[in-house]
Amino acid sequence: VPAGELLREIGPAALQGMSQESHPAVGMSVLAMVHDSLLSPGGLLDWDDASRAHEVVPPDLVRPTVQLLYQFFMNAKKAEYNTPAREAMAKVMELVDAFGLEKELTGQFAPDCFRLQHATLMEKYPADEIEEGAMLRDFRDDMRRMARRKAGSFRLDPTVYENSYEFCSFSTFYLSLHYDAGMREGLSYHAEVIRRAWPHIDEPLRPELDLRTAARGKGGPGVIRLGVASGCFFDEAHPVPSDFGGVLDRLPNAARMDPASLLDAASNGTAVFEIIYIYFDEGQRANRVAWLANRRYTPVVGTGATSADGLDPSTNFLHLKKGPSQVDYVRTAQESIAGLQLDVLFYLDLTMSKFAHLVASGTRLAPAQGVSHGHPTTSGIGPSKMDYYVSWGAAELPTAHEHYTEGELLLLPADSMHQYYVPRVSPDARASMVDMTEFMDAASARREFLAAHSLPGTATLYLCMQKPHKYSPAFDGMLAGVHRADPNAILVLHRVDQDGEHNHARFTDRLVRAGVDLDRVAFLPTQPHSLLMALYSLADVVLDSYHAGGCTTTREAFEVGALVVTLPAQYLGSRWSLAYYSIMGVTDLVAETREEYVDIAVRMATDKAAAEEVRVRIVENRHKLFRREEAVEAWMDVYKTMAAGGVRREGTEENEGEREDNNTTINDEL
């Protein structure tokens, strides 16, 4: 039977099957059948050369086939069935080129939307290091091609298709978990594509809000008006505001100081702050503002929020929400922030919120703008818009400035802690201060765990409870190395429990190919905090994931005396554990190679005397990680530096059009 006739028969049934709301397992079964029928080797659309599309797809079936593939793409993306989704979108683009549909398709079927979706959809669980590398190269190459296009040439008019950025471009969050030497280059192209595809974000502000003409110094003499922006204020326990909150809560606050104290601070050159939190609400958490509300901060007047008795008037927050029109809600956000007349606009993160990234990529809103390590990767935005990236010297390589597109890398001191952390475990290491629940002592917890999993008393337990999307394919081989070196090794790993059974199967297949013995693996779902602390305490060794490692989780493990073996890679997200060890003065468990990582882990798990000696030093020195006032002082200096830089820019009347980005690759090519 000709392929076109088969396509005519199965197409409508497949489209109907994918459009039905059903049990997730049934939905995945339909997706798998569609993939096997159309896209797998031997499938109806499996052609070696796109020019053969005319031989397979009759002219009257071109549009229905595009619709079918696009429906598959959207369903597969929703199910985190990402590699087949990418295959479907690649096939759509081949049909567009083969049949000349570039100008005929509009709205959600606009080919430029297809290109962006294909380029920005990342596979969370690449099959191996080869597929991982190819995915990163494809992203970089696709972004480079699109970054060469003229601003406004993309057919993504947000006044026609109102939320085209939200719909057509996916988050780069997962890209940063797959380390690659060209990450900075790819993210810088990505930021340039955003500006060229959605030029409305660069439109000038009203004259009264223009930085070159608007009044400054609203906070008063010597007061730095600091805007702290994030998309993560919806959850009290979210790691981003939790990480920065200790310092921000302790900055000298002008609203809590009497006039005499303010004068003394000004005369002594002590930084004083007026803080406004800016929440980019993605709308996924029912408009919750838990982190801000629990501190009883006051909504900024004029944002649609209301004040109430008992609120803290010394700190305000601006709650920015999305609306039906991208042009309108971006302009509202820009004008609302510019209207605050900030001295410094500081983003805690810029890859956790697409809303924040879109606004940050556009018109400058404060004299000094910076971003930090809420998610430890460059924003991709150049210094015409983003002046600073703030990181920690203890966690960065000497060449770290090469990893960032922002104007200047500001490093907090390497010889002291970079944040004011409060312990998350009780002083006796027996209760979680997060869920306020006691947990068993290590010996009792270990006995129960071994019994529950039918494991012998001789088992050595290697624990890694990082989410599996943080495991790079390179880490699989390190886990297999532990199994080879220790016949009693039991790996206790986080199950893929949020991305579907198909991705857990993909993940376990990858482990098997690397040489991991699944009969000696215990997979656990996400645990309550108290049970997680019990797991850390009962494990012989805690394995830091690679490339992307632990930060909060490493500190928590130290609180219960766990041994964390780590292998720092080149980027910040893999170097937190190394930094904490350097502050404690305990570096025995820091490896330099994958082989040494395995050797250290097995030695610590099997040599009880050596393990105890290291554990004692960790317990004796872990206090150096918590309640460090010097971290507050270091951040005060950073904000003063940023504010002074903003004053210099205003003094020279430097503006966006006159300031050149530091990404020489883009400057040379574009």
**Prompt:** Is it the case that some residue within region 115-130 is out of contact with any helix residue (DSSP H, G or I) (no Cβ under 7 Å at 6 or more places or on another chain), assigned to a helix (DSSP H, G or I) and free of Cβ contacts under 8 Å to residues at least 60 places away in the same chain?
**Reply:** yes
**Fill in**
Apart from one, (1) outside the structural domain of Met584 (by TED's automatic domain parsing); (2) touching a residue at least 12 places away in the same chain (Cβ under 8 Å); (3) of a type outside the set (Val, Ile, Thr) all hold for Met436; the odd one out is (2)
**Item:** One residue from Ser153, Ser169, Ser164 being surrounded by fewer than 15 Cβ atoms within 10 Å (Cβ to Cβ) and either in contact (Cβ under 8 Å) with a residue 12 or more places away in the chain or at positive phi (or both)
**Value:** Ser153
**Message:** Among the residues in region 293-315, are any modelled with pLDDT of 75 or more and not in a loop (DSSP other than H, G, I, E, B)?
**Reply:** no
**Asked** Do the conditions hold for Val492, that is, is it more than 27 Å from the chain's Cα centre (by Cα) and in the same structural domain as Gly457 (by TED's automatic domain parsing)?
**Response** no
**Request:** Could you please find all residues in region 542-576 being part of a helix (DSSP H, G or I) and more than 18 Å from Leu411 (Cβ to Cβ)?
**Result:** Thr552, Thr553, Thr554, Arg555, Glu556, Ala557, Phe558, Glu559
**Message:** From the list Val632, Val598, exactly one residue is in contact with a helix residue (DSSP H, G or I) (Cβ under 8 Å, 6 or more places away or on another chain), buried (at least 16 other Cβ atoms within 10 Å of the Cβ), over 30 Å from Arg225 (Cβ atoms) and among the β-branched types (Val, Ile, Thr). Which is it?
**Reply:** Val598
**Prompt:** Gly370: assigned by TED's automatic domain parsing to the domain that holds Leu345, assigned to a strand (DSSP E or B), buried (at least 23 other Cβ atoms within 10 Å of the Cβ) and in contact (Cβ under 8 Å) with a residue 40 or more places away in the chain, yes or no?
**Reply:** yes
**Message:** Suppose we filter Asp264, Asp235 for residues that are out of contact with any helix residue (DSSP H, G or I) (no Cβ under 7 Å at 6 or more places or on another chain) and assigned by TED's automatic domain parsing to the domain that holds Gln334; which single one remains?
**Reply:** Asp264
**Request:** Could you pull out the residue among Leu365, Leu340 that is in a loop (DSSP other than H, G, I, E, B) and modelled with pLDDT under 95?
**Result:** Leu340
**Item:** Residue list for region 499-541, restricted to those being of a type outside the set (Val, Ile, Thr), in a loop (DSSP other than H, G, I, E, B) and either crowded, with 17+ Cβ neighbours inside 10 Å or touching a helix residue (DSSP H, G or I) at 6+ places or on another chain (Cβ under 9 Å) (or both)
**Value:** Asp499, Gly500, Gly515, Asp517, Gln527, Ala539, Asp540
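So that you can scan it fast, the table gives a plain yes or no per residue for (1) without any contact (Cβ under 8 Å) to a residue 40 or more places away in the chain; (2) in contact with a strand residue (DSSP E or B) (Cβ under 6 Å, 6 or more places away or on another chain); (3) surrounded by fewer than 21 Cβ atoms within 10 Å (Cβ to Cβ):
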| site | (1), (2), (3) |
| --- | --- |
| Thr399 | yes, no, yes |
| Pro423 | no, no, yes |
| Asp441 | no, no, yes |
| His453 | no, yes, yes |
| Gly457 | yes, no, yes |
| Tyr471 | no, no, no |
| Asp497 | yes, no, yes |
**Item:** Counted residues, region 71-85 - those being more than 13 Å from Phe114 (Cβ to Cβ), charged (D, E, K, R) and either touching a residue at least 40 places away in the same chain (Cβ under 8 Å) or assigned to a loop (DSSP other than H, G, I, E, B) (or both)
**Value:** 1
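The values are calculated or read from the model by the stated rules, or taken from the named source; none is laboratory data. Computed from a predicted model, the values in this text were never measured in an experiment. Using ideal geometry, Cβ is built from the backbone for each residue, glycine included, and neighbour counts are taken over all protein chains shown.
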